[in-house]
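In what follows, a structure is listed as C-alpha cells, so that the remarks can point back to it.
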Amino acid sequence: MTTLEAVSRTAAGPRIGESAPRPDGVPKVTGSFAFSSDLHNDRMLWGGTLRSPHAAARIRGIDVGPALALAGVHAVLTHEDVPGSPTYGLIHRDQPVLASDVVRYEGEPVVVVAADHPDMVRRALAVIEVDWEPTEPLVDPELAADATPIHPDGNVIRRVHLRHGDQTVADRQDLVSVEGTYEVGMQDQAFLGPESGLAVPDGDGGVDLYVATQWLHEDRDQVAACLGLPDDKVRLTLAGVGGAFGAREDLSLHVHLCLLALRTGRPVKMSYGREESFHGHVHRHPARMHYRHLATTEGDLVRVEARLLLDGGAYASSSSAVISNATCFAVGPYRVPSVEVEGVVVRTDNPPCGAMRGFGAVQTCFAHEAQMDRLAVALGMDPVDLRLRNALEPGDRLPTGQVITGTLPVAEVLRACAGHPSAAVGPDDPMARPGGAGRTADIDDVVRGEAVAVGFKNLMFSEGFDDSSSARCVLHRGVATITCACAEVGQGFVTLVHQIVGEVLGVDEVVLAPVATTSIGSAGSTSASRQTWMSGGAVQMACESVRRELLARVAAANDVSVHDLVLVDGRIFSLPGGGSGDDYLSIDLSLDEVTAEPVEADVVHRHAPTLPLDADGQGDAHVSFSVSAHRAIVDVDPDLGLVKVVELTTAQDVGRVLHPLQVLGQLEGGAAQGLGLAVMEEVQVTDGRIRNASFTDYLIPTALDMPPVEIAALIEQPEPGAPFGAKGIGEPPAISSTAAVAGALRDATGLDLPRVPVRPDDICLASGSALDEAD
Amino acid sequence: MVTVTIATSIDDACAALDSDPGALVMAGGTDLMVEVNRGTRLVGNVVAVDRVPELRGWSLEGDRSDVLRLGAGTTCADLAEPSLAKLVPALAQAARTVGSPQIRNAATLGGNLATASPAGDTLPVLAALDAEVELRSSAGTRRLPLDEFVVGVKVNALVPGELITAIRVPVLNGPQEFLKVGTRNAMVIAVTSLALVVDRPGRTVRVALGSVAPVPVRAIEAEVLAAERCDFDGMSVPPDEVVERFAILTADAARPIDDHRGSAAYRRHAVSVLARRAIRRAFSGVPSVAA
C-alpha cells in the first residue's frame, strides 16, 4: 500500500471507510423510489388470496363456481391447479402452495384469484365456498412432541442435543447454582413494505416474476419446482424492497402470482395489506427456556445446562437452522468447560416461524444474560466483572468444540460499554418519562435501573452449507459495471459496491446491473449478516481480477513489469526506477484509454467450509462470530408498569468499519428492534389466532420510546478471510439490546421479569413484589 | 358508482345528506380510511366536510363568555394550540395524545365524537366537562348532552341526514388534568384514560374515564367525595385518606374488560393510580399548566 500512498489521491469517489452517499437514499426519502408495491403493467390483473379463518380444519370441499361466474374474474385456482411440487420450503419442502385437505394455521392460503380490479378480487374471494370442518388446534408447544402428528413429517422439526466436556460435574456439590425459566414472545419483523410482486407470462410457457425478496435464486428454484418448469423458464428480478429482517426469506405470493399469470396469460400483480402481511410471513420463534448455571465461588463458570423449546408453528421454514443456532449459542460468549443443551423446535397450529434478525441467538441471549445477572447476585459479584472473568477469547473452545480462530473481542466490548460515561439526564421533561405523551408520571413516580448485556452469534451460513456469492466486473471505457444477485433490502450493499470498486480500481463511475436470476449465479441470501462478506468479497475479487488483467495488459503493451505499475484513482502509472528508463511516471494512462477493449472477470466467492454437527452437537460448524454489548438505562413507573428506556449504549465487534454512517444505522435500528422485543413487540396468539395483526395494535417503538444510541466503541480487529477485514454487523445489535433492557428493568423494579416483552401487568401487578402497592 | 360530494358550507353538506341519508360523512378520515383500507367498511357515497370553513374555528359564547363553542372540524392540532389550551387544558392534553403530528393535523373533534370509540381520547374530557353536541340536518338544529350522544361501543345518536356541527363546553375556573395509559409512549390507543376538571367557584370536581366501559363514564361517588372534602379556596393537597378514597371510588366506576390491549385487572388498577395522581396534581396549590 505504500506505493499507492506515494501517488496523491485526486478522485472524489467514495472509498472504503468513508460515509459515501447512498444511491437509493434521496429517492427513498423523497418518495420517488419504486417499491415492489409500485409495480405496474398496463395489461395487468390483480391477484388475491383466500386464507383459512381457522387455525386447524379439514377441507371437505371447495366451490369456486360462484367466483368464476363473476364478470371480471379471470382465474380462480386451488391446489388442483399446482402443476409441479404441491409443497415448498426453504430447508424442508413441507408447506402447501395451496391447502388441499387440511389447513394448519390461521391465514393458510387456500384459493387464489385474478380479476380486473382489487374490488372484484375481494368480491370473488367472498363468494368462494369452502366446506370447513374445524378441528382442535395444537397450540401448546409443550404438548407437540407427544401429540398426534399434525403433518406427515411429524411434530418435531428438529432436536439438537449438545454435550460438551465432562458431564459428571453436574453432580458436584461445591458449586454455586442458579436456575431459571424464561420466555420470549413472538416478534414480527414489521417491515414497512408489505409483500407484493408482479408476474408477467412470456407467452412461451415461461414467466418473469418481479418481487421483493432476500434471495432470488432460492426463490427461483422453489417456484420452478412448484410450477413444474425448468429453471430457465422462471426468471426473477428484484423489485424495490421495503425492509426484510428475515421475513422475506420464505416464499409468500411468488408461486401464486406465477400460477395466475400462466393461467390467464396476463401480467398479475398482488400486494398484501398490513393485516394479510402478518399472516403472510414467518415470525420470530417464541421460546421457553430452562437454564441451570453452575460456578465456583470465585465466579468461574463450570457448567451450563439448558433446555430450549421453540414453537415453529405450522411449517418448517428455517426452524431447523434456528434451533441449531439457539443451541450453539445458548450459553453466550463465555468459556464453559461443561455444557449440555437440548434444543427442540416443534410444529404446532400457530403461525409459522422462521428467520428474523438474530436467528435463535436473540432468545437465548435474553435467558443467558438473565442467568448471569442472577449468578452475580448469588456470588455477590459485580455482574460485569463476572462476565469479564468468563469472557470467551480467540483460542477458546465453544460448546460445540470449535476453537475460535478469528477475532472475538468479548472483553473489549464489555469494558467499553460498561465504562462509557452516561449522558442520561433525570426524568425532568414530563414527555420523556414513562408514559410519555400520556402525562401519567410525576417525577417522584419514577425509578431508574441499569444493566449491561453481551451476546454473540455466527456470521454466514453454518453446518456444512455450500455458501457462495457470484459477481462480475466489466470495465469498459473507464466505467465499471458490476453484476451481482445480492438483494438490496436496505442494508446498503448498493453503496458498498461503489466503495469497493473505488477502492480496488480507483473507478468512480460504477453501474450496478439489474439484480436478476438471468444475469448471474446466486449471491446467496441477504441474511445471516453475510452479504458484506460474501457478495462484498465477490465484488472485491472480481475487481481485483480485473485490476490484475489491466496491469498485465499495460505491462505487456509497454514492455514493463507489472510490478512497476500502479493503478490509482482511475489512472495507471509507472513507478520510478521501473521499466526501461529512470524517468518518473513515464507511463500515465487513464483507465478510459486502457479499457477501450473491455476487461471482464467472473468470480464465485466461498467462505471457508464448515462441518455438520455430530450426534453430540460437536463440530466446526461456523465460519466466524461477532459480539456486541449493550448497556441500558431505564426509567420505570412501578405503579403503572410503564417504561421509558432513557439511554442505550453499545460497543460492537465490527472487524473494520467500511461505512461509518451505515454502521451507525445498523446499530441504531437493531437496538430499536431489540428494545421493541423487550417492552412492546409481540404477535399475540390465542388458540392459534393472531389478535393484533395491525400496526394499531402490534406496537413498535416511536421516537418517544427509542432513546439516543451512544456508541461506546466500534472494535476494529480485522477478521482473517473477510473482505477488508470487515465482519457482518446487522444482527448483533438486535441480540444483546433486548437482554440489556430487560436487565435494567429488573434492576429498577427488583422483579424477576422472566418474560419479554415485559408487559405493564408484569411490573405493577406482580405478586409478592417489593413495590406492590395495596389498592 | 361512488359519489363524493365536496361540501363547502354546512348547508351544502346538509343538502347532500338530505338527498342521500346513507352517505358517509368524512372530515379528517383518520378513522374512516383505516376501516376502508382494512376492508371492514364498504365505501358508499361520501360527503367530505373538510373544506367547510364554518366547521373550523371556535368562539366564546354566553353572557360571561364562559361557554366555548368548538367547530366540529377543529383538529387535534388546533386543540393543542396555546390559545385554546388555556381555555380547556384537559382537551389540549388529550388531543396531544392522539396519533402522530400528521394524524393530529387531520383528525377532528367531531370525528372523534362520531366514531364514539370507548378509547376516543377526547371523550372523557368532554364527559367531565358535560359537553353538549350540536347536530344539524336540513330539518334543523338540535343539541344533545354528551351522554345522550355517545350511547354504546362505536354507536352514536346521529340520525340519517344529520351532521355534527359543534361542541360546547364550559370554560371553567380551576385546574384540569388528562392522563392516558398506553403501552407505548406516543401514538397508542388508550388502555385507560382519565379526565379530571375542577370548578372552583362551583366547588365541584368532575372525573370521567375512558376505555373502561362501552362509553365514557363519570365517577359520581368520587365527585361527591371530592366536592365535600377538597379545599377549593387554598387548593391544598387533600389528606391521604381522601386521596385513597377518591382513587377507590373512581376505580369502582370502571367496568373494564380483558382484551389484547390490557387486562381488566390492570385497567382497574391503573384507574386508581391515575385518580390518585390527578387529584394530587389538581390540588397542589399550583395553577394548572397546559400541555
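Per-structure values
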{"quantity": "Count - residues of segment A:199-234 that are open to solvent by less than 10 Å² (accessible area, probe 1.4 Å), over 18 Å from A:Gln95 (Cα atoms) and not in a loop (DSSP other than H, G, I, E, B)", "calculated": "6"}
{"quantity": "Counted residues, segment A:752-775 - those being at the interface with chain B (Cβ under 8 Å from one of its Cβ atoms), open to solvent by 80 Å² or more (accessible area, probe 1.4 Å) and modelled with pLDDT of 50 or more", "calculated": "1"}
{"quantity": "Matching residues in segment A:634-644 - criterion: being assigned to a strand (DSSP E or B) and open to solvent by 10 Å² or more (accessible area, probe 1.4 Å)", "calculated": "A:Val643, A:Lys644"}
{"quantity": "Segment A:126-138 - residue that is aliphatic (A, V, I, L, M) and surrounded by 19 or more Cβ atoms within 10 Å (Cβ to Cβ) and, of those, nearest to A:Ile323 (Cα to Cα)", "calculated": "A:Leu138"}
{"quantity": "Matching residues, segment A:305-324, being within 18 Å of the chain's Cα centre (by Cα) and either of a type in the set (Gly, Ala, Ser) or open to solvent by 10 Å² or more (accessible area, probe 1.4 Å) (or both)", "calculated": "A:Gly312, A:Ala316, A:Ser317, A:Ser318, A:Ser319, A:Ser320, A:Ala321, A:Ser324"}
{"quantity": "Tally, over segment B:199-217, of residues that are surrounded by 15 or more Cβ atoms within 10 Å (Cβ to Cβ) and either at pLDDT below 95 or of a type in the set (Gly, Ala, Ser) (or both)", "calculated": "4"}
{"quantity": "Number of positions in segment A:431-460 that are more than 30 Å from B:Asp121 (Cα to Cα) and open to solvent by 40 Å² or more (accessible area, probe 1.4 Å)", "calculated": "1"}
{"quantity": "Hits in segment A:702-735 - residues which are open to solvent by 30 Å² or more (accessible area, probe 1.4 Å) and within 14 Å of chain B (Cβ to nearest Cβ)", "calculated": "A:Ala703, A:Leu704, A:Met706"}
{"quantity": "For A:Pro638: the one exception among (1) closer than 30 Å to B:Gly262 by Cβ; (2) touching a Phe, Trp or Tyr at 6+ places or on another chain (Cβ under 6 Å)", "calculated": "(2)"}
{"quantity": "Residue, most open to solvent (accessible area, probe 1.4 Å), within segment A:71-101, restricted to residues that are under 22 Å from A:Arg122 (Cα atoms) and either charged (D, E, K, R) or not in a loop (DSSP other than H, G, I, E, B) (or both)", "calculated": "A:Glu80"}
{"quantity": "Boolean, A:Asp687 is acidic (Asp, Glu), more than 23 Å from the chain's Cα centre (by Cα) and within 14 Å of chain B (Cβ to nearest Cβ)", "calculated": "yes"}
{"quantity": "Test: residue in segment A:264-287 that is outside any helix (DSSP H, G or I), touching a Cys at 6+ places or on another chain (Cβ under 9 Å), under 30 Å from A:Asp166 (Cβ atoms) and open to solvent by less than 10 Å² (accessible area, probe 1.4 Å)", "calculated": "no"}
{"quantity": "Test: residue in segment A:681-701 that is among the charged types (D, E, K, R), closer than 28 Å to A:Leu664 by Cβ, open to solvent by 10 Å² or more (accessible area, probe 1.4 Å) and in a loop (DSSP other than H, G, I, E, B)", "calculated": "yes"}
{"quantity": "Subset of segment A:148-165 that is in a loop (DSSP other than H, G, I, E, B), closer than 10 Å to A:Arg347 by Cα and of a type outside the set (D, E, K, R) - its residue that is most open to solvent (accessible area, probe 1.4 Å)", "calculated": "A:Pro149"}
{"quantity": "So B:Pro256, is it within 13 Å of chain A (Cβ to nearest Cβ), more than 24 Å from B:Leu87 (Cα to Cα), of a type outside the set (Lys, Arg) and not in a helix (DSSP H, G or I)", "calculated": "yes"}
{"quantity": "Segment B:259-285, residues that are part of a loop (DSSP other than H, G, I, E, B), more than 10 Å from chain A (Cβ to nearest Cβ) and either modelled with pLDDT of 95 or more or within 21 Å of the chain's Cα centre (by Cα) (or both)", "calculated": "B:Phe283"}
{"quantity": "Count - residues of segment B:158-169 that are touching an Asp or Glu at 6+ places or on another chain (Cβ under 6 Å) and either within 21 Å of B:Ala195 (Cβ to Cβ) or of a type in the set (Val, Ile, Thr) (or both)", "calculated": "3"}
{"quantity": "Checking A:Ala367 against (1) surrounded by fewer than 24 Cβ atoms within 10 Å (Cβ to Cβ); (2) of a type in the set (Gly, Ala, Ser); (3) over 16 Å from the mean Cα position of the chain (by Cα), the condition it does not meet", "calculated": "(1)"}
{"quantity": "Matching residues in segment A:517-546 - criterion: being over 24 Å from the mean Cα position of the chain (by Cα) and open to solvent by 10 Å² or more (accessible area, probe 1.4 Å)", "calculated": "A:Thr518, A:Ser519, A:Met541, A:Glu544, A:Ser545"}
{"quantity": "Residue in segment A:464-473 that is under 28 Å from A:Gly246 (Cα atoms), open to solvent by 10 Å² or more (accessible area, probe 1.4 Å), of a type in the set (D, E, K, R) and not in a loop (DSSP other than H, G, I, E, B) present", "calculated": "yes"}
{"quantity": "B:Ile220 vs. criteria without any contact (Cβ under 8 Å) to a residue 40 or more places away in the chain, β-branched (Val, Ile, Thr), in contact with a Ser or Thr (Cβ under 8 Å, 6 or more places away or on another chain) and open to solvent by 10 Å² or more (accessible area, probe 1.4 Å)", "calculated": "no"}
{"quantity": "Restricting segment B:159-207 to residues that are in contact with a Lys or Arg (Cβ under 7 Å, 6 or more places away or on another chain), aliphatic (A, V, I, L, M) and within 9 Å of another protein chain (Cβ to nearest Cβ), the residue that is farthest from B:Met235 (Cα to Cα)", "calculated": "B:Ile189"}
{"quantity": "Segment A:451-487: number of residues that are in contact (Cβ under 8 Å) with a residue 40 or more places away in the chain, under 27 Å from the mean Cα position of the chain (by Cα) and within 17 Å of A:Gln540 (Cβ to Cβ)", "calculated": "12"}
{"quantity": "Test result for A:Asp131, among the charged types (D, E, K, R) and not in a strand (DSSP E or B)", "calculated": "no"}
{"quantity": "Count - residues of segment A:474-491 that are assigned to a loop (DSSP other than H, G, I, E, B) and closer than 16 Å to A:Val546 by Cα", "calculated": "2"}
{"quantity": "Matching strands (runs of 3 or more DSSP E) fully within segment B:1-99 where at least 2 residues are within 13 Å of another protein chain (Cβ to nearest Cβ)", "calculated": "none"}
{"quantity": "Residues of segment A:650-680 that turn out to be away from chain B (no Cβ under 13 Å) and in a loop (DSSP other than H, G, I, E, B), as a count", "calculated": "6"}
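Residue-wise test of (1) within 28 Å of the chain's Cα centre (by Cα); (2) facing chain B (nearest Cβ under 9 Å).
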residue: A:Val413; (1), (2): yes, no
residue: A:Ala416; (1), (2): yes, no
residue: A:Gly426; (1), (2): no, no
residue: A:Ala441; (1), (2): no, yes
residue: A:Gly449; (1), (2): no, no
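The values are calculated or read from the model by the stated rules, or taken from the named source; none is laboratory data. Note that the coordinates shown come from a computational prediction; the quantities given were computed from them, not determined experimentally. Ideal geometry is used to build each Cβ from the backbone, glycine not excepted, and the neighbour counts take in all protein chains shown. For the accessible areas, the whole protein counts, side chains as well, though only heavy atoms, and no ligand, DNA or RNA atoms are used. Shrake-Rupley method; radii C 1.70, N 1.55, O 1.52, S 1.80 Å.
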